[in-house]
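Peer 1: Here it is, the structure in full.
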Protein chains: 2
Amino acid sequence: MSEFDLIREVFAPLTEEAPGAFSLKDDAAMINDGSLVVTKDIMIAGVHFLTKDPLDLVARKLIRVNLSDLAAKGAKPQGYFLGCVWPASIKREKIELFATGLREDQETYRCPLFGGDTTVHATKTGPLTLSATFFGAPSKSGMTMRSGAAAGDDLYVTGTIGDAGLGLRALKKEEKFTTVDKASLAGRYHLPEPRLSLGAAIAGLATASIDVSDGLIADAEHLAKASGLRAELDASAIPLSQAAGTWVGTFNDQSEAIAELASFGDDYEILFAAPPAMRRSVSVAAKAARTEVTRIGALVRGEGAVLIDSDGEAVQINAAGYDHFTR
Amino acid sequence: MSEFDLIREVFAPLTEEAPGAFSLKDDAAMINDGSLVVTKDIMIAGVHFLTKDPLDLVARKLIRVNLSDLAAKGAKPQGYFLGCVWPASIKREKIELFATGLREDQETYRCPLFGGDTTVHATKTGPLTLSATFFGAPSKSGMTMRSGAAAGDDLYVTGTIGDAGLGLRALKKEEKFTTVDKASLAGRYHLPEPRLSLGAAIAGLATASIDVSDGLIADAEHLAKASGLRAELDASAIPLSQAAGTWVGTFNDQSEAIAELASFGDDYEILFAAPPAMRRSVSVAAKAARTEVTRIGALVRGEGAVLIDSDGEAVQINAAGYDHFTR
């Protein structure tokens, strides 16, 4: 049972009367006659964050991963609803620390709490489970969809890829880094940066958009699939941070190392498509949003997603995105 | 640490910039310039439902407890977002059964799924955790608030009180009933009936309204507190089903038995206030909505909530509503 099959076969049929649900094929829905874009993401201790992660950082990540969805849809955040299920052993100080994190990022992103529910597991070991429903206003040109790209469109991505995944490995002591690199990479894991300005700047310009949460290659495939196309990514074009670049440099086969970075997930960058005729406009939008944007490939006829090395060969990819149901 | 202190002291300050959050003092929020009423309720296996409960009934209860909040606010349901966290051992058939229940009640209440998130606990024993965010259109007279009642207002409740609590005891084999009564009471526990028609009919008429989820007396206190008043409930007026009436008949002190029913929770009836001058209008609204409504007391100056027996004496109450943080 894959997560995607389950959504398509079991849950999507429940949205038949809700055109704004887009058959659950997008990252957000539109409600109230298209006046609001809404997204909901769950985070669970031990799955989406480390059980020992400080709760203010967990709170901020919860806000940011949801805002990342709104960013990819070009929407402006307005507020959110929060559901918390605490372990029975939770102390009030921990909940206060969590609230401190919420406040900090609410203020940064001007996105207040509107309501929710807070409750407690029946057992001391029940994992902290967080659910947030964020809503925002669509841009004037409407919600930027996951579908709608054409063969020949360029593919772009914001920021750098693979840092959060390396950060997680550093935190789990699976990889060694310099102190400086470790801090930088762990920071990317704990605190992704929702690309709200860029998402707003490319609304109406991008033909399709998705936030990179499952891994660049997996999400490129999701985006391509929504338009019935194939994504071809240029391994040498994938933007890397200095720390990730150093890590890649330790491999003999650097394309394979890049493929691994592009399979990690948790980047919360925006991957989007735009016609080649729009390259100048994309560059202007990126500058206006003060966000690094890199052209990393194109959409072509076909299906799937492939990473191509400097010899023009497809790189063998081991992991194809995170699936909660097939771990 | 009580649930209510936590909400007031830790979470309510996070809503300062969100007037539609009503400082988390109501059962729902208003968003998008008052165009939508939104509520969010969590349900956890072993806390809000029995681990062995069939998942189609759990799904329907999830829909109904959320719709009950919208009903109490006089709002018309439009759709919902769903978050599911499944135990790692979950089988696809179980998820399909859950979806069958969702479909059944979505159709009954014309309230489709718009989106959400579905994921899996890291452990086989992680309890099924469900989070739903429901939205609906406010009535023409706006959202019926929990606050706004005046001293002298009558208090009314829909349906009958205590059945769900007795049903839970029957299911847990803590109390014995006839087969017929057990089925009826368990039915009330598994499938509360959201009082949507009545909630809509009294919008603009009720001065304050709340749905009874924590127990009649506890929720009467919540409603009274929101208006700075005291609730006085007449024990002999509390509406009881035949099964609950039979149960009460087995006690020497029937007022104490009624007090217990009024402390159980899970009723999902609507408790509301209206001025005595509106008694005829309330009766007309109840008829129009084909819903039993009983006048059970009044709001007076003071604070708290009290159940008064046939001698005019306050009945001693043991339980004052369910609190997730002080069990």
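Peer 1: Among (1) under 24 Å from B:Thr125 (Cβ atoms); (2) polar (S, T, N, Q); (3) facing another protein chain (nearest Cβ under 7 Å), there is one condition A:Ser2 misses while meeting the rest; what is its number?
Peer 2: Against the list (1) under 24 Å from B:Thr125 (Cβ atoms); (2) polar (S, T, N, Q); (3) facing another protein chain (nearest Cβ under 7 Å), A:Ser2 comes up short only on (3).
Peer 1: Now for a different question. So, in region B:236-284, how many residues would count as being out of contact with any Lys or Arg (no Cβ under 7 Å at 6 or more places or on another chain), of a type in the set (Ser, Thr, Tyr) and closer than 16 Å to B:Leu223 by Cβ?
Peer 2: Summing the residues that are out of contact with any Lys or Arg (no Cβ under 7 Å at 6 or more places or on another chain), of a type in the set (Ser, Thr, Tyr) and closer than 16 Å to B:Leu223 by Cβ in region B:236-284 gives 1.
Peer 1: I need the full set of residues from region A:24-38 which are touching a residue at least 12 places away in the same chain (Cβ under 8 Å) and of a type in the set (Gly, Ala, Ser), in order please.
Peer 2: Listed by number, the residues that qualify are A:Ala28, A:Gly34, A:Ser35.
Peer 1: Filter region B:79-119 down to the residues that are in contact with a Cys (Cβ under 9 Å, 6 or more places away or on another chain), assigned to a strand (DSSP E or B) and at the interface with chain A (Cβ under 7 Å from one of its Cβ atoms), then identify the one that is farthest from A:Ala29 (Cα to Cα).
Peer 2: Step by step, filter region B:79-119, then rank; the result is B:Thr119.
Peer 1: A:Lys73 - would you say it is away from every other protein chain (no Cβ under 11 Å) and over 21 Å from the mean Cα position of the chain (by Cα)?
Peer 2: Taking the combined requirement at face value, the residue does not satisfy it.
Peer 1: So, one more: Quick one: would you say A:Ser89 is small (Gly, Ala, Ser), in contact with a Ser or Thr (Cβ under 9 Å, 6 or more places away or on another chain) and under 21 Å from A:Thr118 (Cβ atoms)? Don't jump to the end; show me each part of the working.
Peer 2: Details: small (Gly, Ala, Ser): yes; in contact with a Ser or Thr (Cβ under 9 Å, 6 or more places away or on another chain): yes; under 21 Å from A:Thr118 (Cβ atoms): yes.
Judged against the criteria, A:Ser89 is a match.
Peer 1: Right, next: Collect the residues in region A:133-163 that are buried (at least 24 other Cβ atoms within 10 Å of the Cβ), more than 14 Å from every other protein chain (Cβ to nearest Cβ), among the hydroxyl-bearing types (Ser, Thr, Tyr) and over 18 Å from A:Ala200 (Cα atoms), keeping them in residue-number order.
Peer 2: Correct list: empty.
Peer 1: Now for a different question. Would it be correct to say that B:Arg103 is in the same structural domain as B:Lys52 (by TED's automatic domain parsing), at pLDDT 95 or above and farther than 21 Å from B:Asp53 by Cβ?
Peer 2: In short, no.
Peer 1: If you don't mind, another one. Since A:Ser283 meets every condition but one in (1) closer than 16 Å to A:Val157 by Cβ; (2) of a type outside the set (D, E, K, R); (3) touching a residue at least 24 places away in the same chain (Cβ under 8 Å), which condition does it not meet?
Peer 2: The number of the failed condition is (3).
Peer 1: Now, a different point. Is it the case that A:Leu130 is of a type outside the set (Gly, Ala, Ser), within 14 Å of chain B (Cβ to nearest Cβ), outside any loop (DSSP other than H, G, I, E, B) and crowded, with 17+ Cβ neighbours inside 10 Å?
Peer 2: Taking the combined requirement at face value, the residue satisfies it.
Peer 1: Does region B:8-27 hold any residues that are surrounded by 18 or more Cβ atoms within 10 Å (Cβ to Cβ) and at the interface with chain A (Cβ under 7 Å from one of its Cβ atoms), and which are they?
Peer 2: B:Val10, B:Phe11, B:Leu14, B:Thr15, B:Ala18, B:Gly20, B:Ala21, B:Leu24
Peer 1: Would you check which residues across region A:106-147 are among the small types (Gly, Ala, Ser) and out of contact with any helix residue (DSSP H, G or I) (no Cβ under 8 Å at 6 or more places or on another chain) and list them?
Peer 2: A:Ala122, A:Gly126, A:Ser131, A:Ala137, A:Ser141, A:Gly142
Peer 1: Condition test on B:Ser209, is it surrounded by 24 or more Cβ atoms within 10 Å (Cβ to Cβ) and either assigned to a helix (DSSP H, G or I) or not aromatic (Phe, Trp, Tyr) (or both)? Even if it seems obvious, please write down each step before you answer.
Peer 2: Details: surrounded by 24 or more Cβ atoms within 10 Å (Cβ to Cβ): yes; either assigned to a helix (DSSP H, G or I) or not aromatic (Phe, Trp, Tyr) (or both): yes.
Yes: the conditions hold for B:Ser209.
Peer 1: Is there any pair with a first residue in region A:149-164 that is more than 20 Å from A:Trp247 (Cα to Cα) and a second that is of a type in the set (Phe, Trp, Tyr) and buried (at least 21 other Cβ atoms within 10 Å of the Cβ) whose Cβ atoms are under 6 Å apart and which are 6 or more apart or on different chains, and what are they?
Peer 2: Within 6 Å, the pairs are A:Tyr156/A:Phe272.
Peer 1: Residue by residue through region A:7-60, note down the ones that are part of a helix (DSSP H, G or I) and touching a strand residue (DSSP E or B) at 6+ places or on another chain (Cβ under 6 Å).
Peer 2: Within region A:7-60, A:Leu14, A:Thr15, A:Gly20, A:Ala21, A:Val58 meet the criteria.
Peer 1: Please indicate, with yes or no, whether at least one residue in region B:215-229 is under 27 Å from B:Met143 (Cα atoms), in contact with an Asp or Glu (Cβ under 8 Å, 6 or more places away or on another chain) and acidic (Asp, Glu).
Peer 2: Yes; the residues of region B:215-229 include at least one that is under 27 Å from B:Met143 (Cα atoms), in contact with an Asp or Glu (Cβ under 8 Å, 6 or more places away or on another chain) and acidic (Asp, Glu).
Peer 1: Given the structure, is B:Asp33 buried (at least 24 other Cβ atoms within 10 Å of the Cβ) and more than 7 Å from chain A (Cβ to nearest Cβ)?
Peer 2: So B:Asp33 fails the test.
Peer 1: Report yes if B:Ala122 is aliphatic (A, V, I, L, M), touching a Gly at 6+ places or on another chain (Cβ under 8 Å), surrounded by fewer than 19 Cβ atoms within 10 Å (Cβ to Cβ) and in contact (Cβ under 8 Å) with a residue 12 or more places away in the chain, otherwise no.
Peer 2: In short, yes.
Peer 1: A:Asp5 - would you say it is surrounded by fewer than 22 Cβ atoms within 10 Å (Cβ to Cβ), more than 23 Å from A:Ala203 (Cα to Cα) and in contact with an Asp or Glu (Cβ under 8 Å, 6 or more places away or on another chain)? Walk me through how you get there before you give the answer.
Peer 2: On the way: surrounded by fewer than 22 Cβ atoms within 10 Å (Cβ to Cβ): yes; more than 23 Å from A:Ala203 (Cα to Cα): yes; in contact with an Asp or Glu (Cβ under 8 Å, 6 or more places away or on another chain): no.
No, not satisfied.
Peer 1: Just to be sure I understand, how many residues within region B:164-199 are in a helix (DSSP H, G or I), among the aliphatic types (A, V, I, L, M) and surrounded by fewer than 20 Cβ atoms within 10 Å (Cβ to Cβ)?
Peer 2: Adding up the residues that qualify gives 3.
Peer 1: Something else: Any idea which of A:Glu313, A:Glu292, A:Glu303 is outside the structural domain of A:Ile217 (by TED's automatic domain parsing) and surrounded by fewer than 19 Cβ atoms within 10 Å (Cβ to Cβ)?
Peer 2: After ruling out the rest, the residue left standing is A:Glu313.
The values are calculated or read from the model by the stated rules, or taken from the named source; none is laboratory data. Bear in mind that the values here come from a model prediction, so they are computed numbers and not experimental data. Ideal geometry is used to build each Cβ from the backbone, glycine not excepted, and the neighbour counts take in all protein chains shown.
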